[in-house]
Amino acid sequence: MNGTGCNSIHTAKKMHCMNQGNRNSKSATSFDALPDEIVVTVIAAVAASAVAPADLASAFLTCKRFWTLGKSRHVRNKVSHLGLAVRARNWSLHADRFLQSCAEAGNIDARYLLGMIRFYCISDRNAGADLLLSAAFGGLKEAIYSLAVIVFNGSGGTRESRDIGAAVALCARAASLGHVDALRELGFCIHDGYGVARSVPDGRRLIVLAKAREMAEAATGSASLSGFTPLKKQDVASRFMVEWAERRRAENKEGADRDAPHEGGPSDGQLRMCANKLCGREETRGREFRRCSVCASVHYCSRACQARDWIQSHKANCAQEQAL
Ligand SMILES: [Zn+2]
Ligand SMILES: [Zn+2]
């Protein structure tokens, strides 16, 4: 837990203790006298600085008043992406309703996370896409990039429903807001003339810029004084999707073992996970993702994921080296 989240929760608990102390001494109940608006402001501050869902639970369970006021739209609107970061193992109707209530309160981080879960994990494509759209209209760069990946691949539709030009435009928008993967994807598109006019120097320049920003972000994370590097918004969604897929594989292991045709992975009719182990996206139809053009044994949802995985592991495993 970081300092901010901790302090906010302590403030909330301090208010509650003050209330208890006043009750015990039968003096004026200053806590009870506080208007709801002020208490809601305090709870919203806790929600905005939460670094885990447990922070919210801890605050909401402080007293009945916190529990009741914690359901207000203002509080749900302010919950941080880390406060929303439910794990796949904890997914339940209650967790679904909580994210839904935050999304309905206008929380664009909740719309993004729930949109990704609905689209990729629960296969409720329309509801997921609607949530991602609303988060994108709210200016969330992670949602804009996720829509770009969906439009690039025609996810949830047919191969013919792909719209490369629209996907490039979405990448450009997300890149302009500082999304590194979108910048890298845009660089590859311009470099290759894919959905946009070709310019090798401009494409290369964007790819190098994306790499530089990625390195700068990594350096900032490792230089954290507290040693605590909070998950980014897209990492929260990816963690859920990766864990969801792992749990589903474990549950279906017996059947999967029986059906597995060979060691090389799924057959053409089966749906593949993106080979970037930190991504978590799964195909929505057979042969949706692009494959490594050298070994053809791994598949990726995007060039950005392919570039990341190339550095992290595939470079050592591929049939021969391929400069990306
Ligand atoms: Zn991917
Ligand atoms: Zn390969």
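Within the set of pairs 6 or more residues apart or between chains, which connect a residue that is charged (D, E, K, R) inside region 230-248 to a residue that is surrounded by fewer than 17 Cβ atoms within 10 Å (Cβ to Cβ) and not in a helix (DSSP H, G or I) with Cβ atoms less than 9 Å apart? So the pair list comes out as 235/278; 239/87; 239/231; 239/278; 243/87. Residues considered: 253, 315. Of these, the only one that is within 14 Å of ligand 2 (Cβ to nearest atom) and modelled with pLDDT under 95 is 315. Summed over region 144-156, residues that are more than 16 Å from residue 272 (Cα to Cα) and either touching a Cys at 6+ places or on another chain (Cβ under 9 Å) or not in a helix (DSSP H, G or I) (or both) total 4. Condition first: under 23 Å from residue 170 (Cα atoms) and either more than 22 Å from the chain's Cα centre (by Cα) or in a helix (DSSP H, G or I) (or both). Now tell me which residues in region 291-314 satisfy that. Across region 291-314, the qualifying residues are 291, 303, 304, 305, 306, 307, 308, 309. State which residue is surrounded by the most Cβ atoms within 10 Å (Cβ to Cβ) when the search covers only region 148-160 and only residues that are within 16 Å of residue 241 (Cβ to Cβ) and of a type in the set (A, V, I, L, M). By that ranking, first place goes to 150.
Selection over region 82-103 of residues that are out of contact with any Pro (no Cβ under 9 Å at 6 or more places or on another chain), part of a loop (DSSP other than H, G, I, E, B) and touching a residue at least 40 places away in the same chain (Cβ under 8 Å) gives a count of 1.
Scanning region 224-244 for any residue that is modelled with pLDDT of 90 or more and within 16 Å of ligand 2 (Cβ to nearest atom) turns up nothing.
The values are calculated or read from the model by the stated rules, or taken from the named source; none is laboratory data. None of the values given here were measured: they were computed from a predicted structure. Note that each Cβ is placed from the backbone with ideal geometry, even for glycine, and that neighbours are counted across all protein chains shown.
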